[in-house]
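Have a look at the structure below before the remarks.
The values are calculated or read from the model by the stated rules, or taken from the named source; none is laboratory data. Everything quoted here is computed from the prediction, not taken from an experiment. Reconstructed Cβ throughout: ideal geometry from the backbone, glycine too, with neighbour counts over all protein chains shown.
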């Protein structure tokens with residue numbers, strides 16, 4: 001997967017198109033990510049000790065990975081991700097626009 005937890009991404013498709021946020025959680029098997037403040041849905045909570053009267057909570061739901069683009073920390077633009085193997089066999093993610101290293105994988 002080209003994104004990791006705590007990466008900043010921009011949503012390029014769907015109801016939340018144009019919004020940016022930080023990745024909270026990654027689901028590699030289903031190719032989905034949960035982005036902070038994106039794809040909010042209402043969750044109805046049953047009565048419990050924590051919610052004695054019940055509650056309605058807004059919760060972020062997963063978005064498919066094809067609907068997000070990574071924002072490069074150097075050029076601050078949404079970009080595709082490339083890979084470059086450095087000396088010692090270290091695989092690095094690179095920005096396709098400015099060709100700078102994003103982070104080591």
I'm told residue 29 meets every condition in (1) within 21 Å of residue 1 (Cβ to Cβ); (2) in contact with a strand residue (DSSP E or B) (Cβ under 9 Å, 6 or more places away or on another chain) except one. Can you identify the failing condition by its number?
(2)
Considering only residues that are surrounded by 13 or more Cβ atoms within 10 Å (Cβ to Cβ) and without any contact (Cβ under 8 Å) to a residue 60 or more places away in the chain, look in the range 87-99 and name the one that is farthest from residue 18 (Cα to Cα).
92
Matching option when the condition is without any contact (Cβ under 8 Å) to a residue 40 or more places away in the chain, surrounded by 10 or more Cβ atoms within 10 Å (Cβ to Cβ), more than 24 Å from residue 27 (Cβ to Cβ) and touching a strand residue (DSSP E or B) at 6+ places or on another chain (Cβ under 9 Å), among 84, 59:
84
The conditions are (1) over 18 Å from residue 102 (Cα atoms); (2) surrounded by 10 or more Cβ atoms within 10 Å (Cβ to Cβ); (3) more than 13 Å from the chain's Cα centre (by Cα), and residue 19 fails exactly one of them. Which is it?
(3)
Please determine whether any residue of the range 3-10 is outside the structural domain of residue 93 (by TED's automatic domain parsing), outside any loop (DSSP other than H, G, I, E, B), more than 16 Å from residue 71 (Cα to Cα) and modelled with pLDDT of 95 or more.
no
Any hit, the range 63-73, residues being within 27 Å of residue 98 (Cβ to Cβ) and free of Cβ contacts under 8 Å to residues at least 40 places away in the same chain:
yes
